[in-house]
1. Among 181, 191, 166, whose Cα sits farthest toward the positive end of the charge dipole of segment 154-203 (+1 at Cβ of Lys/Arg, -1 at Cβ of Asp/Glu, about the Cα centre)?
2. Between rounded, prolate and oblate, where does segment 249-350 land on the alpha carbon gyration tensor, with a ≥ b ≥ c its root eigenvalues, rounded for a/c under 1.5, else prolate if a/b exceeds b/c?
3. So how do 99-109, 181-191 stack up, highest first, on mean other-Cβ count within 10 Å?
4. Based on Cβ point charges of +1 for Lys and Arg and -1 for Asp and Glu, what charge dipole magnitude is obtained for segment 245-318 about its Cα centre, in debye rounded to the nearest 20?
5. Out of the total accessible area of segment 285-336 (probe 1.4 Å, heavy atoms of protein only), what percent is carbon and sulfur?
6. Compare the Cα positions of 204, 263, 223 along the charge dipole of segment 198-283 (+1 at Cβ of Lys, Arg; -1 at Cβ of Asp, Glu; about the Cα centre) and return the one farthest towards the positive end.
7. If you roll a 1.4 Å probe over the heavy atoms of the protein chains, what accessible area per residue do you get for segment 62-195, in Å²?
8. In whole percent, how big is the carbon plus sulfur part of the accessible area of segment 167-265, probe 1.4 Å, protein atoms only?
Amino acid sequence: MEPNEQQHKRRVRYKGTHPRSYHEKYKEHQPEKYKDTIEKVISKGGTPAGMHISIMVQEILDFLQIKPGQKGFDATLGYGGHTLAMMKCMNHEGHMYASDVDPIESVKTKERLKAQGFDEDFLTIKLMNFCEIDKLVEEVGPFDFILADLGVSSMQIDNPERGFSYKTEGPLDLRLNPQKGISAAERLAKVDYDELVGMLLENSDEPYAEEIASAIMKERKKGNKIDTTGKLHAIIEQALTFLPKSDQKEAVKKSSARVFQALRIDVNNEFEVLYTFMEKLPHALAPNGRAAILTFHSGEDKLVKKAMKQHLKEGLYSDISKDVIRPSAEECIRNSRARSTKMRWAVKSS
């Protein structure tokens with residue numbers, strides 16, 4: 001073989017009958033090439049690797065009542081499923097704007113939507129936090145409709161390199177934009193006991209906040225770094241050994257999910273960002289403009305509900321949802337990640 005000639009490398013195939021690791025799921029990462037595999041995973045209630053299944057699409061479209069020629073804003077672009085559905089209603093008339101803080105996924109989504117026929121002439125994507133909506137309004141004017149889906153996208157959760165889930169080993173990062181701020185590992189290395197307990201209680205209603213915080217402090221005193229998802233999960237597991245054996249497995253699973261959620265909210269300043277966005281939201285809507293917000297835990301929902309009620313009282317909104325709208329039972333069966341979703345809406349005064 002010539003020195004400069006490259007040897008052909010076969011793709012590493014997964015062991016056994018099913019792919020286990022995120023990177024082994026090469027078929028799921030290529031939906032355009034392996035449509036049958038994608039359909040099979042979704043039909044079984046799963047989310048294919050590297051993908052995200054948009055939640056409550058029809059309920060959102062029913063409320064927003066999008067018309068051709070309007071100007072819209074998807075505050076949380078993600079995989080682009082909601083954006084695509086809204087743009088189809090516009091029939092290439094008007095303009096769609098979207099924002100995301102994730103520099104990794106937003107580039108992929110831009111290319112994906114471009115392949116669907118929506119390029120810069122019709123869709124403008126901004127790499128910015130949606131709490132800066134006022135700056136965008138100064139630039140392009142108010143919007144006829146706005147959507148904010150506050151959930152973390154599946155392709156972020158499932159990618160072990162991002163550190164969003166205790167289920168796979170990876171760096172304990174949890175930042176939506178890994179190029180800014182400090183990681184969850186850095187946060188845990190500095191936070192004191194009282195602040196950590198408060199974080200776990202306020203951000204995720206963790207019932208074993210004190211026990212888990214104590215276990216984390218003990219690990220730090222030993223000089224051990226808590227810098228991977230596996231290490232944090234193991235600490236939570238150890239902290240809950242006082243529970244009856246029969247209850248431990250389920251308790252560890254639920255507490256791990258809550259602790260990771262609390263850390264994610266903290267390192268991304270999610271409550272502060274949401275509060276700022278909700279204060280600016282009515283001023284970003286055109287007269288009679290409509291806004292829909294999807295929340296995924298009680299803290300978010302309370303904040304959204306309170307802000308909408310306050311702005312209705314001030315006369316900025318002419319109407320708001322009296323109760324939350326939830327996904328159908330059928331959708332929850334198809335997509336288990338839809339179960340905790342709540343939708344609230346508001347209509348700007350004329």
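The values are calculated or read from the model by the stated rules, or taken from the named source; none is laboratory data. Computed from a prediction, not measured in an experiment: that's the story for all the values here. Note that each Cβ is placed from the backbone with ideal geometry, even for glycine, and that neighbours are counted across all protein chains shown. We work out accessible area using only protein heavy atoms, side chains counted, and drop any ligands, DNA or RNA first. Shrake-Rupley method; radii C 1.70, N 1.55, O 1.52, S 1.80 Å.
1. 181
2. oblate
3. The peptides rank, most packed first, as 99-109, 181-191.
4. In debye, rounded to 20, segment 245-318 gives about 280.
5. That share works out to 54 percent.
6. 223
7. 44 Å²
8. 50 percent
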